[in-house]
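A quick write-up on the structure given underneath.
FYI, it's all coordinate maths here, none of it is from the lab. Given the structure is predicted, the values throughout are model-derived calculations rather than measurements. Counting neighbours? That spans all protein chains shown, and the Cβs are built from the backbone with ideal geometry, glycine included.
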Amino acid sequence: METTSRTGPDTTQGVPGARQAVDGYLSADFPWYGLDEAFSGPRWLMQVAAATDGSVEHGSTGHGDEPSYLAELGPEEQRFAVVVTVATRPVRRSPDGTGVLEATSVSSAAWLAGSGLLSRTWPTHMERALRQDWLEQQTSIAWDLADQLHGEGWSMLSLPVDGTPTDFRYRESEYGWVLAGAAGDGQHIGAYGRGMSAYGLGFAVVEDIHSYT
């Protein structure tokens, strides 16, 4: 997946973070997904990623506890689920005309979910010099797994999307869980989390993105 910019909570340009984040989501030409109304906990915005021509390619919505890297807050104390929406895109020329971008797929959603989980996992017990090596190794593994959704590393899990049972590819690790599938409208949905069971989740189109601010 080729993206060149991200829009998220940031006040460096003098724009309130929540407003800037919402503007990024509102500029997308596809619907966003989040947990359905059965989830009654906190909701928060994360980031959207855009191509060089400004078109939004994918983004994430958060649910539960905002993940923390503080050493005193262990992974077992963090309960969150993040939903990744990936726009349906065919094979196309890159915005600068120098190459070709692959079509998006469920594997795209799986990769973004897997790398997202890793970004929320910081091995505080590991020496600083080894952490980057660890991240690169785990990221490579996540990529390989996303490219082999029908391999032994994945199982099938059926969850509702706007009330319709939908098949997802699902896997667990010591860092949390990851799943990926396709919505009925053709968008690709990925999700990852920790401390919240994936088995009781449901997904739905976000009717009002402001509800996440």
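Among 140-152, 179-191, how do they line up from the highest to the lowest mean number of other beta-carbon atoms within 10 Å?
Packing proxy ranking, top to bottom: 179-191, 140-152.
Using modelled backbone amide H atoms (1.01 Å from N, in-plane), which distant-in-sequence or interchain residues come within less than 5 Å of G202's amide H?
So G202 has HN proximity to D36.
Starting from the Cα-Cα distance between S211 and T164, subtract it from 0.36 nm times their residue separation and give me the gain in nm to one decimal.
In short, 14.6 nm is gained.
Please list 51-64, 27-40 highest first by mean number of surrounding beta-carbon atoms within 10 Å per residue. Could the numbers behind the result be given before it?
Working: 51-64: 19.5, 27-40: 16.5.
Listed from highest to lowest mean packing, they are 51-64, 27-40.
Quickly work out the R79-to-A129 label distance, labels modelled 7 Å from Cα along the C-beta direction, and quote it in nm with one decimal.
Reported label-point gap for A129 and R79 is 4.1 nm.
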